[in-house]
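Visitor: Just passing along the structure, written as structure tokens.
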Amino acid sequence: TNPSILILPGDGIGPEVMTEVEKIIAWFGEARDLKFNVETDLVGGAAYDKHGTPLADSTLEKAMNADAVLLGAVGGPAYDDLDFSVKPERGLLKLRKEMDLFSNLRPAQCFDALADFSSLKRDVVAGLDIMIVRELTSGIYFGEPRGIIKEGNERVGINTQRYTESEIERVARSAFELARRRGNKVCSMEKANVMESGILWREVVTEVHAKDYADVELSHMYADAGAMQLCRYPKQFDVIVTDNLFGDILSDAAAMLTGSLGMLPSASLGAPMENGRPKALYEPVHGSAPDITGQGKANPIACILSFAMALRYSFDEGAEADRLEAAVETVLANGARTADLIGEEGVEPLSTSAMGDAILAALAAS
Ligand code: NAI
Ligand code: MG
């Protein structure tokens with residue numbers, strides 16, 4: 001049977017960009033005989049409107065059984081005043097938690113045609129292709145004890161950075177596996193100079209490397225130095241593996257090396273399922289963009305590149321993922337731009353669907 005994909009378009013521009021991905025999935029079915037069983041369901045505000053919850057149990061069950069989940073975006077002003085427990089974001093967080101997606105892949109890739117869009121100089125970023133692997137389910141965002149307590153006559157805010165050996169090991173393995181399919185280099189970042197969890201992190205990464213991945217080049221860096229190096233000479237990196245907190249910050253910083261939010265894909269991977277595929281959720285980094293919703297202005301490339309990641313990491317179709325990424329590169333090189341990619345006057349922006357069609361045309365010509 002065909003592999004299955006659950007599509008959760010969500011809110012705001014989510015459905016607009018997902019429509020373009022659906023066209024591309026259909027193209028792969030027809031032109032490349034790469035067929036998927038696609039099912040679509042609600043998440044976020046759209047699910048709340050229908051079911052009174054941002055993630056219905058039936059949707060969660062479909063997600064747990066799908067070979068890959070593709071999500072657009074959730075949230076928007078209509079839901080800002082909802083109770084915390086039913087906010088659209090809770091739907092996404094619940095999905096990540098239930099699927100136990102511990103390895104968050106955030107590529108920072110700079111297409112040559114967009115290098116002038118970066119906040120850094122063109123030659124620092126042109127051709128950049130790095131991957132940040134962020135541990136997503138543990139660390140200081142989850143560790144206990146936590147809370148605001150009273151100590152004498154002042155309040156104290158407490159969070160705990162806590163990592164078990166097995167939590168570090170599994171994300172390290174996912175980074176080494178990834179590196180083998182790329183530039184074969186991993187840089188692990190922590191603060192082993194001042195944090196116990198950092199000392200353990202470095203030890204476990206080093207042990208896993210020596211035991212099973214000695215063919216991959218491993219280096220270690222303190223996360224603050226890593227932030228400097230990311231801005232100074234980002235091309236020195238291939239895969240960076242780091243914890244939840246540092247990964248949150250470093251991946252956002254790395255994202256800005258490459259230009260628009262409308263260009264950034266992501267993948268969140270969990271443990272292998274019975275069929276050997278990892279549990280997986282693919283989504284653009286951007287949100288629901290209420291300021292441009294319904295205007296046909298949204299850039300669909302982040303969502304399309306997220307599907308390319310699904311082809312590569314869930315379906316083992318690396319060559320087809322390359323084909324899709326090359327089509328994106330081609331249209332950009334030919335000057336196709338959605339409104340978010342236009343810096344100077346005089347360039348006519350493409351609509352969301354016109355950008356999708358341009359990518360389809362480039363695919364057809366490939
Ligand atoms: P946002 O990412 O939705 O938008 C930030 C800015 O980038 C806006 O000016 C928007 O127009 C622009 N932008 C974003 N994606 C774009 C695209 N594909 N093409 C062109 N321009 C694009 O972040 P914001 O405004 O902070 O949040 C809006 C809503 O989205 C909130 O409800 C927030 O909670 C939610 N959100 C959801 C996320 C998710 O579903 N993973 C992530 C971030 C925010
Ligand atoms: Mg962040």
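No lab work stands behind these numbers, since they all come straight from the coordinates. Since we're looking at a predicted model, the values are computed, not measured. Because the Cβ atoms are built from the backbone with ideal geometry, glycine has one as well, and the counts that use them run over all protein chains shown.
Visitor: Local charge sum around residue 84 (other residues, Cβ-Cβ under 15 Å, Lys/Arg +1, Asp/Glu -1)? Don't skip to the answer; put the middle values down first.
Guide: Values: positive: 87, 90, 94; negative: 80, 81, 83, 89.
After counting each charged neighbour, the total is -1.
Visitor: Just to be sure I understand the model, the point goes 7 Å from the Cα along the line to the Cβ. What's the resulting residue 252 to residue 345 distance in nm?
Guide: 3.5 nm
Visitor: Going by amide H atoms built from the backbone, whose H comes under 5 Å of the H on residue 188, apart from near neighbours?
Guide: For residue 188, whose amide H was placed from the backbone, the distant partners under 5 Å are 219, 220, 221, 241.
Visitor: Okay, moving on. Given a cut-off of 26 Å, name the pairs among 211/235; 35/62; 94/279; 50/94; 35/297; 191/211 whose C-alpha atoms lie farther apart than that in the structure shown. Write down the numbers at each step before the final one.
Guide: Numbers: 211/235 28 Å; 35/62 19 Å; 94/279 14 Å; 50/94 18 Å; 35/297 29 Å; 191/211 23 Å.
Flagged as over cut-off: 211/235; 35/297.
Visitor: Can you give the longest stretch of the chain with no exposed loop site, where a site means GluC sites (Glu not before Pro) in a DSSP loop (not H, G, I, E or B) with at most 14 other C-beta atoms within 10 Å? Walk me through the intermediate numbers first.
Guide: On the way: sites that count: 274, 344, 345.
Value returned for the longest uninterrupted segment is 1-273.
Visitor: Can you tell which of 134, 122, 32 shows the greatest fluctuation in a Gaussian network model of the chain with Cα springs below 10 Å?
Guide: 32
Visitor: Sequence-distant or interchain residues sharing an amide H contact under 5 Å with residue 40, placed H: which?
Guide: When sequence neighbours closer than 5 places are left aside, the close amide H contacts are 7.
Visitor: Could you compute the net charge surrounding residue 222? Neighbours are other residues with a C-beta less than 9 Å from the C-beta of residue 222; K and R count +1, D and E count -1.
Guide: Working: positive: 191; negative: 190, 224.
Around residue 222, the charge tally is -1.
Visitor: Working out 0.36 nm times the residue gap between residue 123 and residue 334, then minus their Cα-Cα distance, what length gain in nm do you get to one decimal? Can you show the working numbers first?
Guide: Working: separation 211, 0.36 × 211 = 75.96 nm, distance 2.04 nm.
Residue separation times 0.36 nm, minus the Cα-Cα distance, leaves 73.9 nm.
Visitor: For the chain, set up a Gaussian network in which alpha carbons nearer than 10 Å are linked by springs, and say which option among 57, 224, 100 fluctuates the most.
Guide: Between 57, 224, 100, it is 57 that shows the largest mean-square fluctuation.
Visitor: Once you sort the root eigenvalues of the Cα gyration tensor of the chain as a ≥ b ≥ c, which label holds: rounded (a/c under 1.5), prolate (a/b larger than b/c) or oblate (the other case)? All intermediate terms of the calculation are to be shown ahead of the outcome.
Guide: On the way: a/c = 1.43, a/b = 1.22, b/c = 1.17.
Rounded, because the longest to shortest axis ratio a/c is under 1.5.
Visitor: Give the long-range amide H neighbours of residue 132: residues separated by 5 or more places, or on another chain, with amide H under 5 Å away, using H modelled in the peptide plane at 1.01 Å from N.
Guide: Answer set, sorted by chain and number: 106, 108, 240.
Visitor: Based only on other Cβ atoms within 10 Å, what is the fewest-to-most ordering of 286, 51, 209? Don't skip to the answer; put the middle values down first.
Guide: On the way: 286 25, 51 15, 209 20.
Listed from fewest to most nearby Cβ atoms, that is 51, 209, 286.
Visitor: Could I have the simple spin-label model distance between residue 2 and residue 80, label points 7 Å from Cα toward Cβ, reported in nm to one decimal?
Guide: Placing both labels 7 Å beyond Cα along the Cβ direction yields 4.1 nm.
Visitor: Return the aspartates and glutamates within reach of residue 87: Cα separation strictly under 18 angstrom, same-chain partners fewer than 8 residues apart disregarded; answer none if there are no such residues.
Guide: 11, 41, 49, 57, 98
Visitor: Further, regarding this structure: Assign one of three labels to the stretch 279-362, namely rounded, prolate or oblate, based on the Cα gyration tensor with a ≥ b ≥ c the square roots of its eigenvalues; rounded applies when a/c is under 1.5, prolate when it is not and a/b is larger than b/c, and oblate otherwise.
Guide: Numbers: a/c = 2.67, a/b = 1.44, b/c = 1.86.
Verdict is oblate for the stretch 279-362.
Visitor: By how many nm would the segment from residue 26 to residue 366 grow when fully extended, if each residue of separation counts as 0.36 nm and the alpha-carbon distance is taken off? The partial results should precede the final answer.
Guide: Values: separation 340, 0.36 × 340 = 122.40 nm, distance 1.62 nm.
Gain in length upon complete extension: 120.8 nm.
Visitor: Now for a separate question. Once Lys and Arg get +1 and Asp and Glu get -1 on their Cβ, which of 69, 355, 107 lies farthest toward the positive end of the dipole of the chain?
Guide: Working it through, the farthest residue towards the positive pole turns out to be 107.
Visitor: Looking only at 299, 37, 184, which one moves most when the chain is put into a Gaussian network model with springs between Cα atoms under 10 Å?
Guide: Top of the fluctuation ranking is 37.
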